[in-house]
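First up is the structure itself, then whatever we jot down about it.
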Amino acid sequence: MLDTTIKNIVSDCVNTCCKNETITKSELEEVLTDSLIRILKSNDLTDEISKKAEQQATLKRRLQGLR
């Protein structure tokens, strides 16, 4: 899910910024900047990180309970 979200964001930025098949340095900078900003602002990314952190914490508690 997270991979798909990132790919969609990058693809959208490329389509928005690039007019031709070849890309200029300034267009590449714009695509990378826009992509990173959108990815960092993405609720899907935040939710996915929160889920992973919760899973890690749960696993850690379970492992500590086994000792």
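The values are calculated or read from the model by the stated rules, or taken from the named source; none is laboratory data. Model, not experiment: these values are computed from the prediction. Neighbour counts run over all protein chains shown; Cβ positions are idealised from the backbone, glycine included.
Between LEU36, LEU45, LEU32, which is on the phi < 0 side of the Ramachandran plot, surrounded by 15 or more Cβ atoms within 10 Å (Cβ to Cβ) and part of a helix (DSSP H, G or I)? Please lay out each step first, then the result.
On the way: LEU36 fails: surrounded by 15 or more Cβ atoms within 10 Å (Cβ to Cβ); LEU32 fails: surrounded by 15 or more Cβ atoms within 10 Å (Cβ to Cβ).
Of LEU36, LEU45, LEU32, the one residue that is on the phi < 0 side of the Ramachandran plot, surrounded by 15 or more Cβ atoms within 10 Å (Cβ to Cβ) and part of a helix (DSSP H, G or I) is LEU45.
When the test is whether a residue is under 17 Å from the mean Cα position of the chain (by Cα) and at pLDDT 90 or above, LEU32 passes it. Would you say GLU21 is out of contact with any Asp or Glu (no Cβ under 6 Å at 6 or more places or on another chain), among the acidic types (Asp, Glu) and not in a loop (DSSP other than H, G, I, E, B)? In short, no. A Cβ distance below 6 Å, combined with a sequence gap of six or more or placement on separate chains, defines the contacts here; from the range 12-31, residues that are under 20 Å from SER42 (Cβ atoms) reach residues that are among the hydroxyl-bearing types (Ser, Thr, Tyr) in the pairs CYS13/SER35.
For LEU2, state whether it is modelled with pLDDT under 90, surrounded by 15 or more Cβ atoms within 10 Å (Cβ to Cβ) and not hydroxyl-bearing (Ser, Thr, Tyr).
Details: modelled with pLDDT under 90: yes; surrounded by 15 or more Cβ atoms within 10 Å (Cβ to Cβ): yes; not hydroxyl-bearing (Ser, Thr, Tyr): yes.
Yes; evaluated as a whole, the condition is true for this residue.
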